[in-house]
Amino acid sequence: MAKITKKPDKEKIGVFLCHCGTNIAGVVDIPALAGYTRDLPGVEMVDEYKFMCSQPGQDLIKDSIKKHKLTKVIVAACSPLMHENTFRKACEEAGLNRYCFIMVNNREHNSWVTEDKALALQKAKDLIRGAVARAFWLEPLEVKEVGVNPNVLILGGGIAGIQAALDLAESGRTVYLVEREQSIGGNMAKFDKTFPTLDCAACILTPKMVSVGQHPNIKLWNYAEVDEVSGFVGNFKVKVRHKATSVNFEKCTGCGICQEKCPVKRPSEFDEGLGNRKAIYTLFAQAVPNKPVIDRVNCTYYIKGKCKVCEKFCEPKAIDFEMKDSVEEIEVGSIILATGFHLWEAGQMPELGMGKYPNVLTSLQFERMSNSSGPTLGKILLKDGREPESVAILHCTGSRDVNYHEYCSRVCCMYALKFAHLIKEKTKAHVYNFYIDMRCFGKGYEEFYHRLLEENVTFIRGKAASVTDRAENESESGKLIVMGEDTLSQKLLRLPVDMVILTNAIEPQLDAQEVARKFKISCAGGGFFLEKHPKLAPVATASDGVFIAGACQSPKDIPDTVAQGQAAASAVFALTQRGKVELEATTAIVDEELCSGCEICLSLCPYQAISHNAEKKISAINDALCKGCGTCAAACPSKAIFARHYTNQQILAELEGVLNERI
Amino acid sequence: MAKLKIAKYWADGCGGCDVSLLDTDAKILEVAAIADIVFWPIAVDGKYSDLEAAKPGEIDITFFNGAIHTAEHEHIAQLMREKSKIMVAYGSCACMGGIPSLANTTDRESIFETVYHLAPSNDNPRGVEPQTRTKVPEGVLSLPMLYERVKRLDECVEVDYYLPGCPPFYKRVADVIDVIASGKLPPKGSVVGAKDKALCEECPRERHEKKVKEFKRPQFAQDDGKTCLLEQGIVCVGVATRGGCEARCINANMPCRGCYGLLPEAMDQGASALSAVASIIDSNDPKEIEKVVNQIADPLGTFYRFGLPQQRVRI
Amino acid sequence: MQAVTPYLEVTDAIMEAGGEKLKTCLQCGACTGSCPWAPVNGFSVRSMIRLSQFGLEGIEKMMWECSTCKQCEVRCPQGLPIIDVVKAARTVFSQGGLLPGPLRNVVGSLVSKGCPWGGEKEVRYDWMAGRPVPDFGPDKENLYFTCCTYAYDPRNRKVGEATVEVLNKAGLSWGVVKTGEVCCGEAVNKMGETELFGKLKDTNHKLFVDHKATSIITGSPHCYHTFTKEYPGGYKVRHISQVLADAVDSGKLKLSKSLLKKITFHDPCYLGRHNGIYDEPRAVLKAIPDAEFVEMPRNREDSLCCGGGGGKIWMEVPAGERLSDFRVQEAIDTGAQILVVDCPYCLTNFEDSRKVLNAEDKIQVMDLVELVKTVI
């Protein structure tokens, strides 16, 4: 397709001025603007309406296109982010190519930011003049469609990934669920009870885990990671690395004798260091799949070359010390990232004594301690085996703190209440909560707070300043002393307790940036994956066909995480059910007559859409991968690349139009 | 067909353009076969008065080389335009200003100051500067006025064809002679004797990945003799320059300096080259980028060596 | 309870005087919980900020409780520059001579004599008499800036004297501009007297520039802080502990004499929390042959203020509320025989506390330079 090189003489341009109620019309003198616009070259007709985006407004545009045989349409209204698609559709319904339409942002760029009415009118005139000048150069573009592969990749087997996998598998899609740990279950598998209903996490999670393991449509790939992603919406190619487990899962019966016999003891990551695991291990008793892997870094055989105790006892001969990583390439049409969160290590706040005093616990350590299958079998115990007589729970550990994480981690207030309840239930200890604000926003949450107030828990309105073991008198000896102000009574408190539980901030996985790069999505402030729109597209991303769910997007509780898992599944379902996707037509294109093959553009493309055609010795752009960002077009020293819908002529004409009162 | 009448002139330039015509070797005999040279100060005896005496349109083709820097250059350009059917801007100076136009970075006063007062080779105890009119006992002597700004030929007269190069490559000059001989002239305003693609198209060097962490001047670089110079951190403006020269400089292991001028779709040769060079810096750290950028010696002279009067982006 | 109406003009004035971020306070109280004064006299930083947010009565008293030790600031989750708020409140309330009595004398002395101790200009350099103190000039690399306290206070004068000996022994190229120095202005700046501070700053800065000083050594961490954080700059500034650590590390200064004693180190607020210098003084102490170095429980970032910053060195603090008493006791409890400090205010306060605690035979208080002098 060649671009226009000469300005067409005859165009019939229709300009539609939206009042947006008083949003625009209250500042911009619309009748005066209409009068001015009518005299611009090429303008066939001008009309105005209170809400152009409404059905009557759209009908006005459609009727005018037919009646006046318009060749180009300009709507001066709000931001194209809001209604460009609305008006493009209206144009298309009236038989006009959607790319023969221009939207002028007369609201965000003008009426909302301009007080002086004369200046606002002037700016509106300038913007419309620019659009009219550009309209001459616009060309109809062809929108292509490609098929969508119905298979789905889900990365992360926490509750979000599990829920999405089950929903999609039920709808008949083939789901590849990739989990890097030995078992699915994620962080939720570590929890004891769940707030505010206090049902046990395992009771509600493990049935779902088992379903995942048994579902014929789910290919559960644990101990695996994604190496590489290529392709585009509907047609991704993904290379998955199966890490060497050293155990042949086909032969392994999951009897567990190997774990019993293995002589190596290591602090268990699943138990947050409070308990031990073996070098051949499953994460926990109800692991899915229930087949162990060997931790090669700590296995005596891999370190010293001998041991093989597990092999000796393994009846089905499932141990395979020579196993190597294998890479498998799969094709999927859509991807859900449900990679969860990382718990911030509070070591950076030395005043709270994390790592210094053994009875200062992280929130997940407490979850494991309170969990009946955890290292203490659910007993709340101090390091010396005693039951605590008093416990302080410190809120906002590294959250709402500009020095660490500025955001609120959102779940800590509620699980702190849950902790308080569990401690009261299991011990005679008194519980103190140091909080800045109690944030109990969800269904049944405020009621749970009330319940805890009745359970005789002490709430101290103030952030704990420090934890120390320096006793000032006999009653403090052997205790941890928490210092803080109760801001309500305006008293400085010196509180000796036996145990301190922190509410560590929830932060993005440590490799979130890397994963984002791999899947061509962005990270927002705080490092969490960025959604396409916080309200209207919360599980979509800037990369079409890639969706996000759960705590990888921002800290959230289980109900919200599950809801997002289902939301992502439904988005994938809609995409695959339609079976086709439109490719963006505003892509870049290489003029073969001009490209010298200098290869400047190659490394610049953020979507790897440009390749070098060795035969023709020029660059070639893959339409399906190109997002039309224009980086290559701007950089090309030959100007041999042009971005459709944003050609040099179009941009220069618009600039000329905006800056020059006589076009 | 009657023999063509052709003329050639040398304005603000180095004379290399005149020599380039002779570089065509035996081809010059073909020129003699199809054309009579009516005016070519460097090669043929002729006077301005002959030119003035000619009828309008009497000359078929004028090859005009050199930029316009004095009143005399402009006067002759106008005279030749009037007498010629076809006006060809010959060489980089006539086409786009060329090396002399780097004078546009300063003004006439500073040039005089440098040339007549500051230059160490001067012997000018009385501090004399040339005057457009000087009275001597024999009468009044006149000199053409030096302009404040060097101009392209097409800023003074209408130009029919542009033949770029510093100087134009003899093979391309020969091609143009062939075209003239064939009588099949391209549309007016065309660039002739050059390609529509950038130099990279005919560059023999290998390209791998354009990511540069350091820029070096050619004399300080360890050129491997086969990899794209830009990839080796040597600023080569071939990416933003028309091909046609068959990569003469590259074949002598020197970077392209841009004499064939801006590409057909580009608006500003220096800006194109600059944005290309900026695109390949392999860093996201503003401080490191600044350091790398500062390694480029004489950016204006590098990116606008030949085309300063063509510059759209004012620095 | 009496109803009050917020007096937001005061709030605005405090915000304008440098407390711009006042309103970002979450009122979480982490400041009060961290403040060394809170347990001894009930001072609540948070309350002071709350009152400032409303412009209510009480600020004008509370603001003088703060010794600008920065312990609250480093833990504030909002990153609120609390000392700036204190300083701004003092600027607003001390206008029109409303300074507490003792501070009025300090300001008077600074205005007329350029030093806060009431000492005459003429005698500022008397302590150097008969000592090998080189004149600073173009041939000298380092300008040594004498803190007023070293010049006028008899106990601190010994630190100055030791410095002369140690710097010469280290073979350093140094000198003193023996005329025209005035107080660095750190304390008066924190007292909210910004105009007076500006004058002192200009005088010293001009002195440095006129003498083409490129490298300045200070004995007091307060001078160090002010030159690096408040002055226009153009010269390198080092605290004496950094200079000594360098000299010991490079071998120019040999600590050769044995010291069979247990020593501990007190991190001055303005050296540690304010400027992050923790390792250098320790490196010097640990290089002393045979000396046993012990840490106090509260050390480094967690160090307890001596109570002398922010102008409080001149204010009367009732017995039982003096932080230096607690600190000296803490040092004694470690079993140390020498409490080493590196700041004239700390030295002054600790010497007083030794007497108050009747601990003169239990522990010695020495400046780092003084101790170094005894082992070279």
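With angles folded into 0 to 90 degrees, how steeply does helix A:412-426 sit against the dominant principal axis of chain A? Use alpha carbons for both and round to 10.
Roughly 20 degrees, rounded to the nearest 10.
Charges at C-beta only: +1 for Lys and Arg, -1 for Asp and Glu. How large is the resulting dipole of the protein assembly as shown about its Cα centre, in Debye rounded to 20? The partial results should precede the final answer.
Working: 163 positive and 172 negative charges, 313 e Å.
The calculation lands at about 1500 debye.
Just how far, in whole angstrom, is region A:125-159 from region C:288-326 if you go by their alpha carbon centroids?
Going from one Cα centre to the other spans 66 Å.
In chain C, with Lys and Arg counted as +1 and Asp and Glu as -1 at Cβ, which of these residues, C:ASN105, C:ILE240, C:GLY198, has the Cα nearest the positive end of the dipole, that is, farthest along it?
Comparing the listed Cα positions along the dipole, C:ILE240 ranks first.
Compute accessible area for region A:426-467 by itself and then with all protein chains, 1.4 Å probe, and report residues whose area falls by 50 Å² or more.
A:LYS463, A:ALA465
Using amide H atoms built in the peptide plane, which far-off residues or other-chain residues are under 5 Å from A:HIS342 H to H?
Here the answer is A:GLU507, A:GLN509, since their amide H atoms fall under 5 Å of that of A:HIS342.
Sequence gap of 8 or more, or different chains, plus Cα separation below 18 Å: how many lysine pairs satisfy both in region C:4-94?
5
Over region C:198-257, how many pairs of lysines fall under 24 Å by alpha carbon, counting only those 8 or more apart in sequence or from different chains?
For region C:198-257, the number of qualifying lysine pairs is 11.
Buried accessible area between A and C (1.4 Å probe, both chains summed, ligands and nucleic acids excluded), in Å² to the nearest 100?
Roughly 1600 Å² of accessible surface disappears when A and C pair.
On the full set of protein chains, 1.4 Å probe, figure out the accessible area of B:TRP10 and give it in Å² to the nearest 10.
Counting only protein heavy atoms, the figure is 100 Å².
Relative to the first principal axis of the alpha-carbon coordinates of chain A, what is the inclination of helix A:159-170, with its axis defined by its Cα atoms, in degrees from 0 to 90 and to the nearest 10?
60 degrees
Starting from region A:314-376, pick out the GluC sites (Glu not before Pro) whose DSSP state is loop and whose Cβ has at most 15 other Cβ atoms within 10 Å. Write down the numbers at each step before the final one.
Numbers: sites: A:GLU322, A:GLU328, A:GLU329, A:GLU331, A:GLU345, A:GLU351, A:GLU367; in loops: A:GLU322, A:GLU345.
Taking region A:314-376 and a limit of 15 other Cβ atoms within 10 Å, the loop GluC sites (Glu not before Pro) found are A:GLU322, A:GLU345.
Whole Å is fine, so just give me how far the alpha carbon centre of region B:215-281 lies from that of region A:492-560.
So the separation of the two Cα centres works out to 46 Å.
Within chain B, what's the longest stretch lacking trypsin sites (Lys or Arg not before Pro) that sit in DSSP loops with no more than 16 other Cβ atoms inside 10 Å?
In short, B:227-311.
Express the accessible area of region A:344-507 per residue in Å², computed with a 1.4 Å probe while the remaining protein chains stay in the model.
Solvent-accessible surface per residue comes out at 40 Å².
Under the classification rounded if a/c is under 1.5, otherwise prolate if a/b is larger than b/c and oblate if not, where does chain B fall, given a ≥ b ≥ c as square roots of the Cα gyration tensor eigenvalues?
Values: a/c = 2.31, a/b = 1.30, b/c = 1.77.
Oblate, since a/c reaches 1.5 and b/c is not below a/b.
In debye to the nearest 20, how big a dipole does chain A give about its Cα centre with +1 on each Lys and Arg Cβ and -1 on each Asp and Glu Cβ?
760 debye
Scanning chain C for GluC sites (Glu not before Pro) in DSSP loops with at most 14 other Cβ atoms within 10 Å, what's the longest stretch left with none?
The longest such stretch corresponds to C:142-294.
I'd like the mean, over residues of C:76-82, of how many other protein chain beta carbons sit within 10 Å of each residue's own Cβ.
4
Determine the distance separating the Cα centre of region A:602-622 from the Cα centre of region C:172-251; give it in Å without decimals.
Their Cα centres are 60 Å away from one another.
Can you tell me the orientation of helix A:648-659 relative to chain A, as the angle in degrees between its alpha-carbon axis and the longest Cα principal axis, to the nearest 10?
It works out to around 80 degrees.
Enumerate the whole-percent occupancy of each 10 Å bin, from 0 to the last occupied one, for all C-alpha pair distances of region A:588-643.
Histogramming region A:588-643 at 10 Å steps yields 29, 63, 9 percent.
Which value, in debye to the nearest 20, describes the size of the charge dipole of region A:3-89 about its Cα centre when Lys and Arg Cβ atoms bear +1, Asp and Glu Cβ atoms bear -1, and nothing else is charged?
Result for region A:3-89 is approximately 520 debye, rounded to the nearest 20.
Would you mind giving the mean number of other chain beta-carbons within 10 Å of the Cβ of each residue in B:261-270, as a whole number?
Other-chain Cβ atoms within 10 Å of each residue's Cβ, averaged: 4.
Hey, can you find the accessible area per residue of region A:588-643 for me, probe 1.4 Å, expressed in square angstrom?
Normalised by residue count, the accessible surface of region A:588-643 is 39 Å².
At a 1.4 Å probe, what is the % contribution of carbon and sulfur to the accessible area of region C:101-245?
The value for region C:101-245 is 51 percent carbon and sulfur by accessible area.
For A:LYS479, list the lysines whose Cα falls under 18 Å from its own Cα; do not include residues on the same chain fewer than 8 positions away.
List returned: A:LYS356, A:LYS383, A:LYS428.
First check a/c for the protein assembly as shown, with a ≥ b ≥ c the square roots of the eigenvalues of its C-alpha gyration tensor; if it is under 1.5, answer rounded, and if not, answer prolate when a/b is larger than b/c or oblate otherwise. Write down the numbers at each step before the final one.
Values: a/c = 2.04, a/b = 1.37, b/c = 1.48.
Here the protein assembly as shown falls in the oblate category.
In straight Cα distance, which lysines are under 27 Å from B:LYS85, not counting same-chain residues fewer than 8 positions off?
B:LYS3, B:LYS5, B:LYS8, B:LYS27, B:LYS47, B:LYS55, B:LYS151, B:LYS171, B:LYS184, B:LYS188, B:LYS195
So which GluC sites (Glu not before Pro) in region A:95-169 pass both tests, a DSSP loop state and at most 14 other Cβ atoms within 10 Å of the Cβ?
A:GLU115, A:GLU142
Among the lysines, which fall within straight-line cross-link reach of C:LYS261, defined as a Cα-Cα distance under 19 Å, with same-chain neighbours fewer than 8 residues apart omitted?
The qualifying lysines are C:LYS286, C:LYS362, C:LYS373.
State, to one decimal in nm², a quarter of the convex hull surface area for the C-alpha atoms of chain C, i.e. the direction-averaged projected area.
Seen from a random direction, the Cα hull of chain C projects 18.9 nm² on average.
Count charges around B:PHE303 for me, please; just the other residues with Cβ under 13 Å from its Cβ, Lys/Arg as +1, Asp/Glu as -1.
Net of charged neighbours comes to +1.
Average partner chain C-beta neighbours within 10 Å, per residue of A:638-646? Please list the in-between numbers first.
Values: counts 17, 8, 7, 1, 1, 0, 0, 0, 0.
Mean partner-chain Cβ count within 10 Å for A:638-646: 4.
So, counting K/R as plus one and D/E as minus one, what does the shell of residues with Cβ under 13 Å around B:ILE111 add up to?
In short, -4.
How about region A:210-263: which GluC sites (Glu not before Pro) there lie in a loop by DSSP and see at most 11 other Cβ atoms within 10 Å? Don't skip to the end; give the middle numbers.
Numbers: sites: A:GLU225, A:GLU228, A:GLU250, A:GLU260; in loops: A:GLU250.
Sites meeting the loop and neighbour criteria: A:GLU250.
Can you give the helix-only mean residue ellipticity at 222 nm for chain C, where every DSSP H stretch with n ≥ 4 adds -39500 (n - 2.57) and the sum goes over all residues, rounded to the nearest 500 deg cm²/dmol?
Helix contribution divided over all residues of chain C: -12500 deg cm²/dmol.
If you take the charge dipole of the protein assembly as shown about its Cα centre, with +1 on Lys and Arg Cβ and -1 on Asp and Glu Cβ, which of A:GLY161, C:LEU347, B:ILE6 is farthest toward its positive end?
Comparing the listed Cα positions along the dipole, A:GLY161 ranks first.
What accessible area per residue comes out for chain B, rounded to a whole number of Å², with a 1.4 Å probe? Show your work: numbers first, answer last.
Details: 15790 Å² over 315 residues.
Accessible area per residue, chain B: 50 Å².
The values are calculated or read from the model by the stated rules, or taken from the named source; none is laboratory data. The structure presented is a predicted model; accordingly, all values stated were derived computationally and were not measured. Reconstructed Cβ throughout: ideal geometry from the backbone, glycine too, with neighbour counts over all protein chains shown. Quick note on the areas: whole protein, heavy atoms, side chains included, nothing else; ligands and nucleic acids left out. Shrake-Rupley method; radii C 1.70, N 1.55, O 1.52, S 1.80 Å.
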